[in-house]
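None of the figures in this text is laboratory data; all of them are computed from the coordinates on show. Since the model is a prediction, treat every value here as computed from it, not as a measurement. Here the Cβ positions follow ideal geometry from the backbone for every residue, glycine too, while neighbour counts run over all protein chains shown.
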Amino acid sequence: MSGLSIPIHPITHNPTEAWEQIKPTQRVIKLNVKTPTTPQNENMLRFVCMSDTHCLTSHLQFEIPDGDVFVHAGDFTRCGSAIEIEEFNSWIGSLPHKHKVVIAGNHELSFDPKFTCGPAARQQHKNAHTGGGLINEIPDLGIERAKLKAAVEAENTVNLITNATYLQDEPLTICGIKLYGTPWQPEFCNWAFNLPRGKQCLDKWDAIPAETDVLITHTPPVGHGDLCCTGVRAGCVELLSTVQSRVKPKYHVFGHIHEGYGVTSDGKIIFINASTCNINYVPVNPPIVFDVPIPPGFSK
């Protein structure tokens, strides 16, 4: 890991304004990427990326392209209940891809220790009958409060992901290509894997190895696939700095902001918002596919 220290932007808590300050030094190139129609090359690893399917895989309006590695960048459930995870695990198990990689998002409440263990969670369970507790402090987003409580009371839900490799602040190497997956994001409705902007987010990004080829986060970096329909940017300033200055992956895959779906580049890194659902939670955005050269000495 590089010893380069990433500074915290002075107005990191206002990513919209922070982006306006740094934008003159940035390039954002919108790319129109189509699903490859050519056969897979033996010297390339084909990635098929989705995110934010929110229990709607049975309503997909497209076929899942074939490939070597299937990536899901989080929010595969509505609240992380056991039955939602089991349904997702069954669906992903039906896909033909040899390698399958999953990270969590802010909707996977039962994957976040903040809700499932420790003093805050224990107090939540203790006070549940009075209407208090941590789970009652988050917006329900149209989900029954009882379902949210039941979701976080289920134990070891991560273990229900048996048909894919689940990454939580972890690296994974496939055919010599180095991946890293992390679910954290700046505070967003105080749901799962939320952290205050600035140092606490940067602490998570500092753990990303500098030699990562494909970075998978749930949150976008500021300036790429993070513009909300309200005109506000939701991406992380320090994540962009980390990606551009220290990690320098070939590809950065994420989701979270549904209306940010698409592919951009700064001229060096390809940024992919693979959100499957649109702003209305309709799963209309097809997977985004890309090929990565396999390093010498490795093969499929």
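Distance from a point 7 Å along Cα→Cβ of I22 to each backbone N in region 231-261: keep the residues under 15 Å and list them by number.
233-249
Considering the chain as a Gaussian network with a 10 Å cut-off on Cα pairs, which listed residue, T77, T37, T217, attains the greatest mean-square fluctuation?
T37
Return the equivalent ellipsoid semi-axes of region 149-300 as a descending list in whole Å, where each equals the square root of 5 times an eigenvalue of the C-alpha gyration tensor. Display every interim value, and only then the final one.
On the way: eigenvalues 110, 82, 60 Å².
After diagonalising the Cα gyration tensor, the semi-axes are 23, 20, 17 Å.
If I build a Gaussian network model for the chain, linking alpha-carbon pairs within less than 10 angstrom, which residue out of D75, D213, D52 has the largest mean-square fluctuation?
D213
For K23, which aspartates and glutamates qualify as cross-link partners when the Cα separation must be under 19 Å and same-chain residues fewer than eight apart are set aside?
The reachable aspartates and glutamates, counting only those whose Cα sits under 19 Å from K23, are D226, E238, D266.
For the chain, calculate the relative contact order in percent as a whole number, restricting contacts to Cα pairs under 8 Å that are 6 or more residues apart. List each step's numbers first, then the result.
Values: 673 pairs, mean separation 77.9, N = 300.
For the chain, the relative contact order is 26 percent.
Could you state the principal axis extents of the C-alpha atoms in region 184-227, from the largest down, to the nearest angstrom?
32, 23, 17
May I ask which of K100/K268; K178/K250; K100/K149; K34/K300; K114/K149; K100/K178 have a Cα-Cα span longer than 19 Å here?
Details: K100/K268 26 Å; K178/K250 10 Å; K100/K149 29 Å; K34/K300 24 Å; K114/K149 13 Å; K100/K178 14 Å.
Pairs exceeding 19 Å: K100/K268; K100/K149; K34/K300.
Test of understanding: in a Gaussian network model of the chain with alpha carbons linked when under 10 Å, which of C228, C49, C79 would top the mean-square fluctuation ranking?
C228
So if R0 is 25 Å, what FRET efficiency would V282 and E86 give, r being the distance between their Cβ atoms, rounded to the nearest 0.05? Intermediate results must be reported in sequence, preceding the final value.
On the way: r = 23 Å, r/R0 = 0.94.
The value I calculate is 0.60.
Set the Förster radius R0 to 35 Å, insert the Cβ-Cβ distance between N190 and D66 as r into 1/(1 + (r/R0)^6), and round the FRET efficiency to 0.05. All intermediate terms of the calculation are to be shown ahead of the outcome.
On the way: r = 39 Å, r/R0 = 1.11.
According to the calculation, E is roughly 0.35.
Please report, in Å, the Rg and the Dmax of the chain, where both are computed over Cα atoms only.
Computed over the Cα atoms of the chain, radius of gyration and Dmax are 18.6, 61 Å.
Only four residue types carry charge here, +1 at the Cβ of Lys and Arg and -1 at the Cβ of Asp and Glu. Report the dipole size of the chain about the Cα centre in Debye, rounded to the nearest 20.
Details: 24 positive and 30 negative charges, 96 e Å.
Computed charge dipole of the chain: roughly 460 debye.
When the Cα centres of region 1-57 and region 236-250 are compared, how far apart do they sit, in Å?
9 Å
Among F76, F193, which comes first, second and so on when ranked by fewest other beta-carbon atoms within 10 Å?
On the way: F76 32, F193 25.
Listed from fewest to most nearby Cβ atoms, that is F193, F76.
Suppose each label sits 7 Å from its Cα in the direction of the beta carbon; what would the T173-I11 distance come out to in nanometres?
Label-label distance for T173 and I11, simple model: 4.4 nm.
Please work out the FRET efficiency for the pair L31 and K300, using the Cβ-Cβ distance as r and a Förster radius of 35 Å; give the result to the nearest 0.05. Intermediate values should be presented prior to the final figure.
Numbers: r = 26 Å, r/R0 = 0.74.
The formula returns an efficiency of 0.85 here.
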